[in-house]
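Everything below concerns the one structure shown next.
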Amino acid sequence: MNSRPIALIAALAFAVLAVANAHAQPGGAYPEKTIRIIVPFPAGGATDIIARIVGERLSGAWNRPVVVEKVSGAAGATGTAQAAKASPDGYSLLTATGTTTTLLPHLRANLPYNPMRDFDAVSLLCSFANVLVVRPEVPARTVAELIALLRANPGKYSYASSGYGASPHLSAEWFKLITKTDILHVPFTGSAPALPALLGGHVDMIFDTMPSVWPLVQEGKLRALGVTTATRVPFLPDLPAIAETLPGYDVTSWLGIMVPAGTPIEIRNKIAAELAGFLRDPTVVQRFKELTAIAASSAPEEFAAYLKRDYEKWQRVVRDTGIKLAD
């Protein structure tokens, strides 16, 4: 009896089983090579700094190189689009932001990616609050007092913004919408030119990121009335949330990790579990606090549900405020 065909059949069967097993456990050996984290914004900002912290921790935990790759341009759309085209194998991670993921799709019709179709969720990393501040001469010390003042003086007061379409601009326009107030919008090309105009009395208020305005509040040059997140910021417990006066108001900027659509859930779970561990580390929490960020984590399905809620919220706000950016 010729044993060669039997041996050949056995070898083929073993190969088929090996391939099947590899597909059944796609994350078993992950990671085996260098991982890259794409940051869609320039170096030096909070997104870049936090991505580097994440990269260092993942590299140390897995004993594999993790490279942070900055691909900036088009308000974050360029790098996000590049990440969408990467192979869904877990070796290309995106530092996603609220602006690029759940806000820009409702402001620009020509985005080169669809965030809800082209990506899978891994984990939330952190959140940031914007702050409503007024110049000291404005006779309002609470959000309720400011609303009453604005309603009694339609068109008299103005607010600066750091530019069209960013979360501080949307914070103000949503505030105007739900309070039924008339506040003149004076747009600038960033916080750097907007804040001197506020300090000089040329405008009356601004919704801006905490790193930009909080030092001026501490110096007594501006008065903070509230944060834009749904609840108070843990490290500023005495500063109310605007939502305490306007229930449902919530403008939370966030960072998270996403991967190209089709990345195996086993790999996403493994990354999320590693992130959850180090995001509870007190040293990481403190480092994030220094960046005015609130450390957070989530399982992939929890982050996906959060993204859906945030996407639908901004869809409503953009529709109701009528804001649109030129393509």
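The values are calculated or read from the model by the stated rules, or taken from the named source; none is laboratory data. As the structure is a prediction and not an experimental result, all values here were calculated from the model. Counting neighbours? That spans all protein chains shown, and the Cβs are built from the backbone with ideal geometry, glycine included. Surface accessibility is based on the protein's heavy atoms, side chains included, excluding ligands, DNA and RNA. Shrake-Rupley method; radii C 1.70, N 1.55, O 1.52, S 1.80 Å.
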Using a Förster distance of 25 Å, the FRET efficiency for T142-K289 (Cβ separation, nearest 0.05): 0.45
From DSSP H assignment alone, runs of 4+ in the chain each adding -39500 (n - 2.57), the sum over residues rounded to the nearest 500 puts [θ] at 222 nm at -13500 deg cm²/dmol
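Counting Lys and Arg as +1 and Asp and Glu as -1, each charge on the Cβ, what is the dipole of region 202-262 about the Cα centre in debye, to the nearest 20?
On the way: 3 positive and 6 negative charges, 15 e Å.
Value, rounded to 20: 80 debye.
Using 0.36 nm per residue, how much length does the chain from V186 to R309 gain when fully extended, once their Cα-Cα distance is taken away?
On the way: separation 123, 0.36 × 123 = 44.28 nm, distance 2.99 nm.
Contour length minus the Cα-Cα distance gives 41.3 nm.
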When the accessible area of the chain is split by element with a 1.4 Å probe, what percent falls to carbon and sulfur? 56
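Would you mind calculating the relative contact order of the chain from Cα pairs under 8 angstrom and at least 6 residues apart, reporting the percent as a whole number? Spell out each step's value before the answer.
On the way: 592 pairs, mean separation 80.2, N = 327.
So the answer I get is 25 percent.
Out of the trypsin sites (Lys or Arg not before Pro) in region 239-323, which ones are loop residues according to DSSP with at most 13 other C-beta atoms within 10 Å?
R280
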Relative to the chain, whose Cα atoms define the longest principal axis, helix 143-152 and its Cα axis are tilted in degrees, nearest 10, by 50
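Taking the highest mean first, how do the peptides 229-237, 191-199 order by number of other beta carbon atoms within 10 angstrom per residue? Numbers along the way, then the final one.
Details: 229-237: 14.8, 191-199: 17.3.
Sorting 229-237, 191-199 by mean packing, highest first, produces 191-199, 229-237.
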Crossing angle, helix 265-279 versus the chain [Cα axis fit, 0-90 degrees, rounded to tens]: 50
Listed residue (T263, N153, F188) projecting farthest to the positive dipole end of region 149-300, Cβ model: N153
Region 243-250 - phi-based ³J(HN,Hα) in whole Hz, Karplus 6.51/-1.76/1.60, Gly and Pro as x: 5, 5, 9, 10, x, x, 6, 7
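Express as a percent, rounded to the nearest 5, the fraction of DSSP beta bridges in the chain (both residues included) that run antiparallel.
Numbers: 24 of 39 bridges.
Here the antiparallel bridges make up roughly 60 percent for the chain.
Please work out the FRET efficiency for the pair I178 and T78, using the Cβ-Cβ distance as r and a Förster radius of 35 Å; give the result to the nearest 0.05. Display every interim value, and only then the final one.
Working: r = 34 Å, r/R0 = 0.96.
In this case the efficiency is close to 0.55.
Rounded, prolate or oblate: which one fits region 222-308, using the alpha carbon gyration tensor with axes a ≥ b ≥ c (rounded when a/c is under 1.5, else prolate when a/b beats b/c, else oblate)?
Taking the square roots of the gyration eigenvalues as a ≥ b ≥ c, region 222-308 is oblate.
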Estimated inter-spin distance, N110 and K33, nm [label 7 Å along Cα→Cβ]: 3.5
So if I take the centroid of the Cα atoms in region 161-180 and the same for region 29-54, what is the distance between those two points in Å? 30
Taking Cα atoms, the helix 167-179 axis meets the longest principal axis of the chain at an angle in degrees (rounded to 10) of 60
